[in-house]
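J.: This is the structure I want to talk about, given as C-alpha cells.
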Amino acid sequence: MWNDCKKIQGFWGKLFSRSAVLHDEEHSSGARITLEQKRWGIPFEITCGIYGAFFHTAFASSKIEAEEKYSKMKSEISESFESKWSDEELYKWAEQFAIKY
C-alpha cells in the first residue's frame, strides 16, 4: 500500500529549493517514489527505489509525460512486491526497469 509522505516545506526550504515536490509516496513493503518539478534544467524528475535493492532516477520533459511515467513506475514497483524473487531475479528486474525508464 502506498502512503503519502510529502512534507510541507518551511519558508527557507521553499526559498532555496531547486524543485517543487508534486508527489512523494512510500510503500509499506519498503519503497519510495517522488515526482519533482525542477526550477531549471530538465523540467521533471522521478526518483524511486526499493529499500536495500535499487535506486533509479527518470526524467520527463512535460507534466503529462511525468505523471504517466510516475504512475507506471509506481505500478511496476507495487507488482514487484507480489513476486517471490531471488536476489538474482530482483537484480534482473531492476536492470530492466532502469532500461525502460
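Read-outs throughout are calculated quantities, based only on the coordinates presented, and are distinct from any laboratory measurement. None of these values were measured; they are calculated from a predicted model.
J.: If each residue of separation counts as 0.36 nm, what is the full-extension length gain between Glu95 and Ile42 once their alpha-carbon separation is subtracted?
T.: Length difference between fully extended and current span is 16.8 nm.
J.: Do any of Lys38/Lys69; Lys63/Lys84; Lys38/Lys63 go past 23 Å between their Cα atoms, and which?
T.: Distance filter (> 23 Å) returns Lys63/Lys84.
J.: Where does the chain land at 222 nm, in deg cm²/dmol rounded to the nearest 500, when only DSSP H runs of n ≥ 4 count, each adding -39500 (n - 2.57), divided by all residues?
T.: Result for the chain, helices only: -12500 deg cm²/dmol.
J.: Another question about this same structure. Where does the range 21-100 land on the Kirkwood hydrodynamic radius, alpha-carbon pairs, in angstrom?
T.: The Cα-based Kirkwood calculation yields 13.0 Å.
J.: Ok, one more. Using only Cα atoms, find the angle between the long axis of helix 87-100 and the longest principal axis of the chain, and express it within 0 to 90 degrees, rounded to the nearest 10.
T.: Once rounded, one gets 40 degrees.
J.: Take the chain, connect every pair of alpha-carbon atoms lying under 10 Å apart with a spring to form a Gaussian network, then pick out the residue of Ile33, Ile77, Ile64 with the largest mean-square fluctuation.
T.: Residue with maximal mean-square fluctuation among Ile33, Ile77, Ile64: Ile64.
J.: While we're looking at this one, here's another question. Given H placed on each backbone N at 1.01 Å, which residues far from Ala31 in sequence or on other chains put an amide H within less than 5 Å of it?
T.: Under 5 Å from the amide H of Ala31: Tyr51.
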